[in-house]
Amino acid sequence: QRIGGGTWVRLGTFRFAPGRARVTLSNESAVLGRTVSADAVRFGGGMGSVQRAGETGGRPRWTEGARYYEQFAGAPDSVYSPERADRGDDYKDDYKGRGEWVNWLVRQGVPVDLSLALHTDAGLTTDSTAVGTLGIFYGRASRAAGGRPRASNRDVAARIQGQIVSDLRALYDPRWTQRELRNRDYSEAARPEVPAALIEMLSHQNLTDMRFALDPRFRFDLARAVYKGAGRVLAAQDRTTFVPQPLAPAHLTALFDAASNVIVTWQPTADPIEPTARSERYRLYTRRGEGGWDAGRLVEGTEAVLQPPPPGEVLSVRVAAINAGGESAPSEALAVGRSGQPGPAVLVVAGFDRIAAPQIVESPVAAGVRGDEGVPDVVDLAYTGAQTDFDPRSVYRDDDRPGHGASRDDAPGRPVAGNTHDFVAVHGRALLASGRSFVSASDEAVEDGTVPLSGTVDLLLGEERTTPAPGWRPLRGPDFEALPAAMRARLAALVQSGGKLIVSGAHWAGDATRSPGGADFLRDVLGVRAAPAASSDGTVEGPMLADPVRFNTVRSPDLYAVEATDGIEAAGDGALALRVARTGAGAGVVRRGQTVALAFPIEALLTEDDRAAVVAAALAALE
């Protein structure tokens with residue numbers, strides 16, 4: 001690093017054991033006759049430290065405005081408060097200083113190719129259509145932007161806006177509105193001395209817009225569209241061909257071979273609207289125990305062989321795809337572990353893929369977010385507080401009285417945990433505590449027959465259930481069915497052949513009854529019938545357990561919330577073994593020593609001891 005010496009430069013995310021954080025500086029360039037020096041190393045973002053009116057904001061720095069970060073990060077006041085007339089008006093400093101921050105970085109030698117501002121306050125419309133996407137650029141001055149005429153900024157805004165509209169029409173709503181391109185002297189579009197644009201979309205007062213905005217699937221697809229639009233802008237400027245990075249691999253398996261080596265396999269994921277986003281190579285990441293992920297290793301094909309972990313240790317794996325455009329997000333994580341005791345390994349099937357917006361209720365007199373809080377993708381950083389104004393007739397007056405959709409402001413800076421796509425290791429540790437080795441596979445690899453089922457299977461379903469996408473989505477129907485027909489067929493064959501099955505999750509029973517043949521599967525294979533869903537304090541008890549256990553029911557930065565679970569009762573030759581303490585709803589059914597059905601997620605239990613106790617009791621019931 002020989003640039004950007006006047007400010008903080010992020011080096012990455014690293015996991016340290018408690019009390020063992022250390023950074024060592026070494027001179028790898030000594031053979032070139034160069035000197036390495038460092039003036040500071042900072043761990044984490046910390047709390048806001050810039051004082052205004054004699055006090056700080058009292059919140060984590062990452063939740064504060066750009067103006068405060070720019071001052072903290074070493075920029076002069078000409079950057080974070082660029083106009084003397086605005087001194088004391090932090091709001092104006094905030095949006096005017098962002099473009100000046102870009103220019104200051106360029107003067108520090110940082111090669112900024114594009115300045116892009118994204119706003120989600122594109123209008124106050126309250127009808128049933130989405131407000132659409134607006135592009136703003138500044139092209140009136142003769143001053144160059146990154147060596148190009150400012151008039152070229154129109155092309156920047158047009159390409160990114162066009163990519164967003166094209167993708168959202170293909171994936172969600174063919175009526176998605178493409179609004180105009182505006183040539184305006186907005187600070188974030190006009191101040192940067194590099195190619196720049198401002199994209200505005202979504203309305204916080206429009207419930208239709210919020211159905212999109214709160215959905216993690218939509219957020220990912222929107223972000224990918226912005227990335228592709230920006231990539232195509234830069235490729236056109238450099239006269240190169242833009243290649244979109246691939247999507248994350250799927251159909252993972254992590255199994256032992258006869259010599260106890262770990263065989264990891266996967267399949268590429270095709271992008272239905274980007275045929276050039278093909279996988280060319282892969283990077284396989286591993287993690288030992290509860291430490292951090294390693295730097296990964298390149299793999300040319302779709303299979304890798306790893307040394308087995310020592311007995312008692314969990315080895316986790318995940319895979320990212322690579323092409324000329326870069327590296328994809330990582331796949332879900334699988335894991336294996338050896339107990340050191342004889343006996344076949346339990347197959348853990350990762351069936352919790354769901355990410356979802358919170359539940360929205362709508363009537364002429366009350367509309368908004370109420371009930372199921374949804375499932376964030378890994379973590380939600382945008383939650384501010386519960387909605388307070390549900391009246392669709394309530395109008396916007398000012399920012400302190402925004403009308404319909406207004407919410408509390410008591411939760412910014414509190415991350416909300418969601419689906420980490422990394423729960424196999426949690427189940428694996430509980431299995432190891434019972435002296436059982438384990439391997440794992442994704443639900444897709446089971447459904448397509450890549451992994452045949454035999455022995456004992458632990459199917460983790462978390463908060464999986466059928467979830468429609470927002471808007472009209474012609475490329476696929478609803479996502480995340482908990483027990484689709486292909487999975488039911490594999491599980492039924494397992495049980496009929498003498499295999500054993502543990503199923504756990506919050507919503508699989510009710511979800512199965514909505515599918516043809518689902519209720520029959522519940523009765524004949526699991527000995528279960530679905531009962532109405534109910535909320536509780538998360539305490540489960542019954543003859544199957546020596547002591548009650550509890551699962552998480554509240555928003556938390558560490559563990560996803562299970563606000564309500566389906567009830568289950570015994571049917572056929574099933575026997576009720578667990579109930580929810582407060583409501584008496586059925587929570588666990590054992591069928592003839594072959595299946596254990598749990599109406600709560602094992603990984604959502606509050607302690608590792610509780611998880612180990614439930615898994616041990618389930619294995620004992622099967623044996």
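Suppose we keep just the DSSP beta bridges with both residues in the chain; what percent of those would be antiparallel, to 5?
Details: 66 of 94 bridges.
DSSP beta bridges in the chain are roughly 70 percent antiparallel.
Based on the mean of other Cβ atoms within 10 Å per residue, sort peptides 2-13, 387-398, 460-471, 309-320 so the most packed one is first. Can you show the working numbers first?
Numbers: 2-13: 10.8, 387-398: 13.7, 460-471: 22.6, 309-320: 19.8.
For the peptides 2-13, 387-398, 460-471, 309-320, the packing ranking is 460-471, 309-320, 387-398, 2-13.
Could you give the distance between the Cα centres of the range 329-360 and the range 154-192, to the whole Å?
Answer, in whole Å: 39.
First measure r as the distance between the Cβ atoms of Ala366 and Thr63, then evaluate 1/(1 + (r/R0)^6) with R0 = 22 Å and state the FRET efficiency to the nearest 0.05.
Details: r = 30 Å, r/R0 = 1.36.
Efficiency for this residue pair is about 0.15.
Taking the structure as given and computing mean projected area of the Cα convex hull in nm², which label from (1) 34.6; (2) 31.7; (3) 28.6 fits?
(2)
Fully extended, how many nm does the chain gain between Ser49 and Phe220 (0.36 nm per residue separation, minus their Cα-Cα distance)?
Values: separation 171, 0.36 × 171 = 61.56 nm, distance 3.20 nm.
58.4 nm is the gain from fully extending Ser49 to Phe220.
Quick one: if the Förster radius is 60 Å, what FRET efficiency do Val395 and Thr302 give, using the C-beta to C-beta distance and rounding to 0.05? Numbers along the way, then the final one.
Values: r = 56 Å, r/R0 = 0.93.
For R0 = 60 Å, the calculated efficiency reads 0.60.
Residues in the range 551-591 near a label at Glu608, defined as backbone nitrogen under 20 Å from the 7 Å Cα→Cβ point?
Zone members listed by number: 551-552, 557-560.
Per residue of the chain, what 222 nm ellipticity follows from adding -39500 (n - 2.57) for every DSSP H run with n ≥ 4, rounded to the nearest 500? All intermediate terms of the calculation are to be shown ahead of the outcome.
Values: 13 runs with 138 residues, N = 623.
Per the formula, -6500 deg cm²/dmol.
For the range 35-115, just say rounded, prolate or oblate: build the C-alpha gyration tensor, square-root its eigenvalues into a ≥ b ≥ c, call rounded for a/c under 1.5, and beyond that prolate if a/b exceeds b/c, oblate if not. Before the final figure, lay out each step's value.
On the way: a/c = 1.99, a/b = 1.15, b/c = 1.74.
In terms of gyration-tensor shape, oblate.
Along Cα→Cβ, 7 Å out, is where each label goes; now give me the distance between the ones at Arg15 and Val379 in nm to one decimal.
Placing both labels 7 Å along Cα→Cβ, they lie 1.3 nm apart.
Given a 1.4 angstrom probe, what's the average accessible area per residue across the chain, in square angstrom?
For the chain, the solvent-accessible area averages 47 Å² per residue.
Post the alpha-carbon centroid distance, the range 526-559 to the range 53-79, in whole angstrom.
Here the two parts' Cα centres lie 44 Å apart.
Round to the nearest 0.05 the FRET efficiency obtained for Arg184 and Asp39 when R0 = 51 Å and r is the Cβ-Cβ distance. Don't skip to the end; give the middle numbers.
Working: r = 41 Å, r/R0 = 0.80.
Once the sixth-power term is evaluated, E becomes 0.80.
Given labels modelled 7 Å from the Cα in the Cβ direction, how far is it in nm from Ser454 to Ala386?
Roughly 5.3 nm, to one decimal.
The values are calculated or read from the model by the stated rules, or taken from the named source; none is laboratory data. Remember, predicted model here, so these are calculated numbers, not experimental data. Every residue, glycine as well, gets a Cβ built from its backbone with ideal geometry; the counts of neighbours run over all protein chains shown. Protein only, heavy atoms only, side chains kept; ligands, DNA and RNA dropped before computing areas. Shrake-Rupley method; radii C 1.70, N 1.55, O 1.52, S 1.80 Å.
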